[in-house]
Structures are given as C-alpha cells and as structure tokens.
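Q: Structure in structure tokens, see below.
The values are calculated or read from the model by the stated rules, or taken from the named source; none is laboratory data. Not measured: the values here are computed from a predicted model. Here the Cβ positions follow ideal geometry from the backbone for every residue, glycine too, while neighbour counts run over all protein chains shown. Calculation scope for accessible area: heavy atoms of the full protein, side chains included, ligands and nucleic acids excluded. Shrake-Rupley method; radii C 1.70, N 1.55, O 1.52, S 1.80 Å.
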Amino acid sequence: RNKSSMVRRAIATRALDYAVPNRCSPLIASTRSFGSLSTTFMKSYRFKDTHRNSSYSIDKRLRISQTTRQYNFASSQYASCFENIPTPDVVKLRKDAVEYLDSFDKQSWYDDPVCSILNGEKLLAPPSNLWITKNSLSQPNGNQYHATPTQISSLLTHIQTYTSPSPNSIDLRPQIRRIEQKFLNEYAGLLIGNQCLDFCKQDGVTEMEESVMANSVERKLNDALLSDEVDGKVEVARKPVFVSCVSNFTNFLDLFRKTLRNLELGIPCVILGRSHTIQHSYRWTELLVDLMKEENIDPGMVTYLSCQLDDIKYITANCTESAGMLYTTCSRELAKSIKSNYPNTISSTGGPNTLIAAEWTKAVQDAIRVSASIECAGQCTALRHAVVPETVRLGDVEATFDEMTHATSPVNALKNSAFDGVFESHGGTSPPPSSSSSNKDDVVATYTKHSTKDAYFKIGPALPSPDNDEMEEYWRKVVVDVTNTIPSSTDVNKHNKLNMEVDKLSKWLNRHQPISLAVNAKRSQVFDLGRDLFENTSLVVTTIGSTDKEDAPPAMTCQARPQDAECFGEFPPRKSMGLYTKYPVIIPSSTPSYDTHYRKEYLESLTLDDLYSGTECPAFVEDWLSDITDGTTRGYCVELVRYLSDATKENPKRGFGTGRTALWGLQRPPMLEGCRTLLRCGADDSFDDLSPVFLPFYATNARSQVELSVDESNSELLGMLMKHDLDNHVFKVVVEGDATLEQRLAKEGDNFYNIVRIQSKNEEGYPMPGQFVSLYLPMGHIKSTMKNDEEFVKYFGQSDKWLKMAS
C-alpha cells in the first residue's frame, strides 16, 4: 500500500477542533501554526471530506520552512510548545485518589488476575500458570496468569503480522486524545490510586499534575511531526513498538506518554509485563483497550504481554525485523542486556545523582535527607552521592538522617501529602553490606546503618570507585556515599584545593553521568562553583542553591518540571552510550520522532540556497557543504545546519516556571582542559560519511573540542581535509593506523569525552536532527532555586558552555 497517500488521506479527512482554531483542517492549520513556508515543488490531490459530505482540492507541497525546526529540541517552535499549558486541579486529583483508595477492594486484584491481552481479549490460562504478583516492597497484591506456549505463539504472530483494518489508523489523534482526557480527569484518581497500591508511590498526584501539563507540550510536538509527514519531509515508522515501563512513572514519563503518543500517530504498541509491580500497568492497559473499543479503534493496536521473562525475551528476539523501537526505563546493567539482544532499544537509565555543598548547614542537611529519601529512594533523581566539607564526620552524616520519617503505608502518605517517607526494612531491595552505627570505625568496606532509621551511608576522602565503574543503585533503599573533601574556609590553600576537587569531581561526573547535580555554597561563591561544574560536565539537570540566602534555598537533586522547560533526561555516558540506547531521551519530546527518518526526495530537494533565509551559516561551512557529493547527505547536512542555527539563535532560552529560574538549550561538550571528542575515520570512510557527524562541531563553537583520527591509507579524505585547511591551530588531525590508535587510546582514553567511529550512510535513512545531535552534544537545563533570579540569568546566560554558531 502507498503509505504516503494513506497519511495524506487520513489527515485531510479529520476535523481537529481539539487542536487547531476555527475547526480548520490540520493541513491548513500546520501552515498557519508553524510559520511561513516556501514551495520547492508541488502536487495536487483531491480529497473527499467524509465529515462535511463535500469534496475539495488541496495543493500538496513539499515545503521548506525557513524559520522553524518544529519538534527538535531547543528549536524556536519547540520552545513555543510550552505556551498555553493547562493548569490541573491538584486538590481534586488528591481527593479523587483518596476516595478511590478508601473504596478499593484488595481482593479484586486476586479475583481478576493479570493476563495477556490480544485483539482486545483476555488470554486466561490453566491454574498451573497462576502466579502471585508483588508490589515494589515485595508484598503480595494479586494474581497473574502467565501466557501458555500456544498463547505465546499467537502473541508473537500478531506482533509480526499486524496491520490495522482501519483506513484512518495513521492519524488517531482525536480518539486517543479523548481517551487521554478521560485518563487525566475522570480516571485520574483510579490511576494515582493503583500506582500507590502497586509501586507504593507516595505522591502520585504531582506526577499526574506533571502529566496534565507536559503532555500538552508533547501533543504539540506530535502535531508538528505529523505535519512534516503530510508535507512529504519525513516518514514515521509504524511497526509495532515495545513499551517496557517502570511503575513509579507510569502516569507520565513512562507508560502514559510512550504509549499514547505512539498510538495517536497510528503506531501499534506492545506493553511488556514485569516480574513485579505489574498490576498498575495491566489495569492501565485494560482500561485503555476498553476505551479504544468505545472509540471504534481496532483493539489489536494494543497488546499486553503477561509472560515470564524468558518468554518476553523470546518474543522480542523474534521481532527485531518486524517491530520498531523498544522503549524502556531501567538500570544501566539491564539496558545493556536489552540493547545487546534488541538493537533498536531506546532506554532511559539512572546514574549516581550528586549534591555538592561547600557549607554544612542545617538546611543543607535537610536537602541531603529529602533528596535521598524521596519516594523511599524511588525517584529517578534521588540522591546517591554527596560531596561535603572535609570537617564533616560519620556522626554528622548519621545526624542528617535523624529526622527521616518512616512511612506506615503509601496510602497514608498520599493522604497526608508526604513524599519522602521510607518504608522500613522492606523486602523490595536488598540493603547494602553494613555495620552497626555503634561500630563507627568499621566503615572501610561496608556502609553504616543508622541506629534507628532505615538509611545507610559511608564517608571518606575518595570519590566512589566501584570495581565495574557502575555504582549500585540500591533501588528504594536510602544509601548515600559521602565524600568529605571540600576545604574549610580557614585553609590558606582553600582556592587551589577547591579547584583540584572540582576538577576531580567533574571528571567523575563525566564518567558516571548522573541525571542531576545540586550545587550549594554561599551566594557570593556558588555561582563561580556552579559555573565550573556546569561548564566542565554534561549533565542534563544542574541546580544552583545557596547556604545563606533565604529566598534561594539549598538545591536538591530531585527538582525538575519538564512542563516549565526544565528539560531532563536519563543519559548514559556519551563514550559508552551505544551500549545502552540508540538515542538518549530528552523530556519533553515527541516519542514517535525517535523512529522517524527523512524522505530521500525531500533531502535531495534542499540546496545551499536554502541556507540563506534566516540561517546563520559561516562561509567556510558553505564551502564544506558544497564538496559533499551525495545529494541526500548534502541535504541532510543543510538541514542540520539550519536546525543548529535556529536552536542557537537564542541560546540559552529562559524557562517558564514561576517558582524557580531556569535556562535551557543545547550545550558544548565538557570544557575541561584536554577533554575532546575523537572522530575516527577508517580506510574506506569518505568525506560524505564524515560530514553529518563533523558539522555539529565544525559549524559551532564546539569546533575546538573535536579531534580527527584518519587512517593513513585514506588519501582521498586526507586530501579533502587539507583542502579545507583542517590541520591547523583549531583542529587536530592525527594520521594513524588502527594499531597506533588503539595504543594511544590505551594511554589517553580518559581524555576523550566521546569516541565516535564514522560509519557509512545508514540504509534506513537519516534521523531527526534533534536525536542525531544528542548523540554528540549535551543538552538540558541549569536553574536557580530562587524565583525571578535575574543575577543568575545574566551570569549563567553568558557562559561559554552554551552552543553557538561559529563566526
């Protein structure tokens, strides 16, 4: 079938009064909403409007936007999607959740077991396949049928062969968004309540608030993506996708957005069950399928796998060609395992979130305690590592947790708006090896357990250095490694010592890549300290607090509101990113865009002339582009330059929150002295092969942070580099064979932020610029805990870390 014509037909026959003004067609609305467009070539189509019983003509154009890159991170249109965000009724959300929990029948999850769902039907199984499910604290909470071998075969066949029978299945936005509004309103209390019961989440209300607001942004990003598909620029892959969710973020970050944003663009979803905390995701899927039937959506679009882990591995392993992306949020260890068997994995992974404090005040101790215990250490931004003054001792750390509360139940926590209680001695995760806090000398190889609280800690002058270079998360256990190395204010060598510690910490952060860094010091000192750490690292979330200014309280690691453009993501280290994920995930973003590619015809239509209207492109970049021989590659590089120019025209951008002050955008790699990205060109790699990866550096102020390693036999590429005068004081070009390179990496490997081996053009096509650039350049936000902090905006807005076009 002709997918492009199906897309056009599906879009042209929808009346999307929920998304665009004056009930106009989305094709017309996309022109109205996303700026002036210039025509490159045109085709004419005639459509039948089934809603109005009339026919009309639409000029179909492959058009080039001169001012917008729409759904790509930090573009001007991406920024505009944060406007007109709905405000949820938080009081009602909590009230509805409490009412649901008060009336909940615990027996219902035993009487109505979890099971696989195929084509809208529940696949029950013999009693021998009935298992007890457990919540996140390893407490029994219901029954589950594991699929039988026959059912597994049927599920696999469905995923491999499914085609929607609906002619309008490409664009399901009206129906899915009506369902979404029911989830966010009518069923919000149920969803918060089920998450509380299954994951033992104490504050699901805040996540639902986030979901109401941030999904508004992502709906607009999806509208822009589909508009580009209608315009003939891109093609959205519509193979079934796998959604592997974690129950602590099912109502926004994970299950909710990954499933609904894919479904509304006609992408079938296969939701994977889990070995624990499966009840909430199953009940969510069951409700979704029921509402899809009411909307006359083919229920085969959603499949639920209630299977043992080996059976899920069997299904996914046999769908690597017939299915699309596998979206997961998990530990890095698990992500690596999944990616090794399923290459098209998009994973969000954790990391040792870190707080640094130059002063040891009561407010700093409170920030450490709350950051470490939030959601019983179940938040992705929960604290795992603290760097504190050298005067802090083990007893001081223990005293920090004296005020930590033990939650009696997640239900009571939700009712009382408590979000940082700890479930004492729960069985969900094994605690670390520990000694009693009464034996304070035995802290070398083990953690110390608090004398009365379920918290574990160790302290010493060295940064954590686990054997496998991966810190154990101890999920849902309060475990903190404390490094006491910040020099005291009375130390005559304080300045030099602090610079050395910041340098060591920066390298440690780049190696371990946590999600979040919180920086605290006196207001007169914290900006300089924060800038050094911000510029020398590539974290997605950095928060600046103070220890002596009341309206700028100490920063915590667990602070980020994506609906306010406090964009965040769980990125692995750049150097090893390919082991864990195909692309890193930034929030907010259009989930289907991660499996979208440019149409060859569109890229071939782009020329250097398309750079001139509103695009900042240095002459030397134009000269480089003119030497690219392949039309598709040249067009993609033109698109990359236009994206970079648009995204950096105002960079950083200011966040939209009212309680804090944020700056966000694209960034350069870490600016540590000697830290650089190495691009390796082999014997057969061409100038065209190198160009897309090299241009984000060559065309920007990151150009001094890249090194080219070229095989000594590749005379053609070396000749082109000499033509463009690359072996000069700005760029380092090393001519060497593979063996020499490996010897050099063995000695200098730690100096490289990233090591990229250039590959020939991907046969599946070029990805969206936002995703492509995220493989090489950092992105995210930095914020002050003080609202309307103009001093912060001026100071950090002038940082050289923000990406700019080269001059």
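Q: Which lysines does LYS649 reach when only Cα atoms under 24 Å apart count, and residues fewer than 8 places away in its own chain are ignored?
A: Correct list for LYS649: LYS220, LYS233, LYS783, LYS794, LYS801, LYS804.
Q: According to the Cα gyration tensor, what semi-axes, each the square root of 5 times an eigenvalue, does the equivalent ellipsoid of segment 591-650 have, listed from largest to smallest in whole Å?
A: Whole-Å semi-axes of the equivalent ellipsoid: 19, 17, 9.
Q: Using only the alpha-carbon atoms of segment 624-694, report the extent along each of the three principal axes, biggest first, to the nearest angstrom.
A: The Cα atoms of segment 624-694 stretch 53, 31, 14 Å along the principal axes, largest first.
Q: Moving to a separate point now. Given the Cα-Cα distance of ASN416 and LYS804 and 0.36 nm per residue of separation, how much length would full extension add, in nm?
A: 135.0 nm
Q: Further, regarding this structure: Subtract the Cα-Cα distance of ASP105 and LYS600 from 0.36 nm times their separation in residues, and report this length gain in nm to one decimal.
A: 172.6 nm
Q: Please get the size of the charge dipole for segment 155-241, origin at its Cα centre, with Cβ charges of +1 on Lys and Arg and -1 on Asp and Glu, quoted in debye to the nearest 20.
A: That gives segment 155-241 a dipole magnitude of about 300 debye.
Q: Let me ask something additional. Just to check I understand the Karplus step: with θ = phi - 60° and J = 6.51 cos²θ - 1.76 cosθ + 1.60, what whole-Hz values come out for segment 259-269, glycine and proline as x?
A: For segment 259-269, the Karplus-derived couplings read 7, 5, 5, 6, 4, 5, 9, x, 9, x, 10 Hz, x marking Gly and Pro.
Q: Still on this structure, I have one more. Mean shadow of the chain, computed from the convex hull of its alpha carbons, in nm²?
A: 34.2 nm²
Q: Continuing with this model, one more query. For segment 693-722, which GluC sites (Glu not before Pro) are both in a DSSP coil and crowded by at most 15 other Cβ atoms within 10 Å?
A: GLU712
Q: Kindly state, as a whole number, the per residue volume in cubic angstrom of the convex hull around the alpha carbon atoms of segment 129-242.
A: 151 Å³
Q: Residue by residue through segment 635-648, which ³J(HN,Hα) values in whole Hz follow from phi under the Karplus form 6.51 cos²θ - 1.76 cosθ + 1.60 (θ = phi - 60°), with glycine and proline marked x?
A: 3J(HN,Hα) across segment 635-648, in whole Hz: x, 5, 5, 4, 5, 4, 5, 5, 5, 4, 5, 5, 5, 9.
Q: Placing unit charges on C-beta atoms (Lys and Arg positive, Asp and Glu negative, everything else neutral), compute the dipole magnitude of the chain about its Cα centre in debye, rounded to 20.
A: About 1580 debye.
Q: Got a number for the accessible area of THR490? Probe 1.4 Å, square angstrom, nearest 10.
A: Answer for THR490: close to 120 Å² accessible.
Q: Going toward the positive end of the dipole of segment 293-428, with +1 on Lys and Arg Cβ and -1 on Asp and Glu Cβ, which of PHE423, ILE338, LEU305 do you reach last?
A: Farthest towards the positive pole: ILE338.
Q: Answer with one residue from LEU517, PRO167, ALA125: the one whose Cα lies farthest towards the positive end of the charge dipole of the chain, charges on Cβ with Lys, Arg +1 and Asp, Glu -1.
A: Looking along the dipole axis, the top candidate is PRO167.
Q: Simple spin-label model, 7 Å along Cα-to-Cβ: GLU403 to ILE85 in nm?
A: Calculated label separation equals 2.9 nm.
Q: Using 7 Å Cα-to-Cβ label points, what is the ASP366/ASN341 separation (nm, one decimal)?
A: My value for the distance between the label points is 4.7 nm.
Q: Return the equivalent ellipsoid semi-axes of segment 356-409 as a descending list in whole Å, where each equals the square root of 5 times an eigenvalue of the C-alpha gyration tensor.
A: After scaling each eigenvalue by five and taking roots: 21, 13, 8 Å.
Q: Just flag the GluC sites (Glu not before Pro) in segment 722-779 sitting in loop per DSSP whose Cβ has no more than 14 other Cβ atoms within 10 Å.
A: Qualifying residues, ordered by number: GLU763, GLU764.
Q: Say R0 is 22 Å: what FRET efficiency, to the nearest 0.05, do GLN308 and ASN119 get from their beta-carbon distance?
A: E between GLN308 and ASN119, to the nearest 0.05, is 0.50.
Q: Let me ask something else. Give me log10 I(q)/I(0) at q = 0.24, 0.27 Å⁻¹ for segment 661-732, Debye formula, one equal scatterer per alpha-carbon, no solvent.
A: -1.16, -1.38
Q: Under the rule of at least 5 residues apart or a separate chain, name every residue whose amide H is placed under 5 Å from the amide H of VAL422.
A: Those lying under 5 Å, H to H, from VAL422 are THR405, HIS406, ALA407.
Q: Divide, for segment 571-704, the radius of gyration over alpha carbons by 2.2 N^0.38 Å, where N is the residue count.
A: Ratio of Cα Rg to 2.2 N^0.38 Å: 1.18.
Q: Over what distance in Å are the Cα centres of segment 301-358 and segment 152-192 separated?
A: After rounding, the separation between the Cα centres reads 21 Å.
Q: Right, something else. Would you work out the charge dipole size for segment 237-354 about its Cα centre, treating the Cβ of every Lys and Arg as +1 and the Cβ of every Asp and Glu as -1, and quote it to the nearest 20 debye?
A: 420 debye
Q: Next up: Give a residue-ordered list of calculated ³J(HN,Hα) values for segment 160-173 (Karplus: 6.51 cos²θ - 1.76 cosθ + 1.60, θ = phi - 60°; whole Hz; x for Gly, Pro).
A: Whole-Hz 3J(HN,Hα) from phi for segment 160-173: 6, 10, 5, 9, 5, x, 7, x, 9, 6, 5, 10, 10, 4.
Q: Continuing with the same structure: Run the 1.4 Å probe and let me know the accessible area of LEU260, rounded to the nearest 10 Å².
A: Around 0 Å² of this residue is reachable by solvent.
Q: Same structure, new question: Show that you can apply the helix-only estimate: for the chain, add -39,500 (n - 2.57) for every DSSP H stretch of four or more residues, divide by all residues, and state [θ] at 222 nm to the nearest 500.
A: Result for the chain, helices only: -10500 deg cm²/dmol.
Q: Right, something else. Out of the chymotrypsin sites (Phe, Trp or Tyr not before Pro) in segment 85-152, which ones are loop residues according to DSSP with at most 10 other C-beta atoms within 10 Å?
A: none
Q: Rounded to the nearest Å, what's the spacing between the alpha carbon centres of segment 749-799 and segment 633-672? Just the number, please.
A: 8 Å
Q: Further question: Straight distance only, please: which lysines reach the Cα of LYS239 with their own Cα at less than 16 Å, same-chain residues fewer than 8 apart left out?
A: Candidates past the 8-residue exclusion: LYS3, LYS258.
Q: Which of ILE374, ASN262, MET577 sits closest to the plus end of the dipole of the chain, meaning its Cα is farthest towards the positive end, when Lys and Arg get +1 and Asp and Glu get -1 on the C-beta?
A: Projecting each Cα onto the dipole axis, the largest value belongs to ASN262.
Q: Now for a different question. How far, in nm, would the chain grow between GLU791 and LEU745 when pulled straight, counting 0.36 nm per residue and subtracting the alpha carbon separation?
A: Length gained between GLU791 and LEU745: 12.3 nm.
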